[in-house]
Amino acid sequence: MPATKPAYLLAFATAAFLLGGCAQFERNTAPQATVDDDALCRAEGEPGSPAYVACRKNRDVQSSRASGNSRIERSHRNLAEDMLNNPR
């Protein structure tokens, strides 16, 4: 007995719905964002040491430069700054 057209559509819609849950929707992150900054900087020195602090500062600057070009991230940063500076 051949299946009807609505049965095919139902099967297709069910498969699409289930596979849609497997999709990963992530923001693009900078490649260095996946590196553990703490572990990298501990190789430079103990936490609190001048070498460690300089390393973390450099990593923060690199990270902000990599993500600073994003208009959305810049607007979020501006909003957060405004909320901190102008409490309501």
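Every residue, every condition in (1) under 21 Å from the mean Cα position of the chain (by Cα); (2) of a type outside the set (A, V, I, L, M, F, W, C), yes or no:
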{"position": "Gly48", "(1), (2)": "no, yes"}
{"position": "Tyr52", "(1), (2)": "no, yes"}
{"position": "Val61", "(1), (2)": "yes, no"}
{"position": "Arg77", "(1), (2)": "yes, yes"}
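Select, from Pro31, Pro6, Pro2, the only residue that is at pLDDT 75 or above and either of a type outside the set (A, V, I, L, M) or surrounded by 10 or more Cβ atoms within 10 Å (Cβ to Cβ) (or both).
Among Pro31, Pro6, Pro2, only Pro6 is at pLDDT 75 or above and either of a type outside the set (A, V, I, L, M) or surrounded by 10 or more Cβ atoms within 10 Å (Cβ to Cβ) (or both).
For region 36-88, which residues satisfy the criterion of being surrounded by 10 or more Cβ atoms within 10 Å (Cβ to Cβ), modelled with pLDDT under 80, of a type outside the set (S, T, N, Q) and in a helix (DSSP H, G or I)?
Arg65, Ala66, Glu73, Arg74
The values are calculated or read from the model by the stated rules, or taken from the named source; none is laboratory data. Keep in mind that this is a model prediction, so the values were computed, not measured. Glycine gets a Cβ as well: all are built from the backbone with ideal geometry, and neighbour counts include every protein chain shown.
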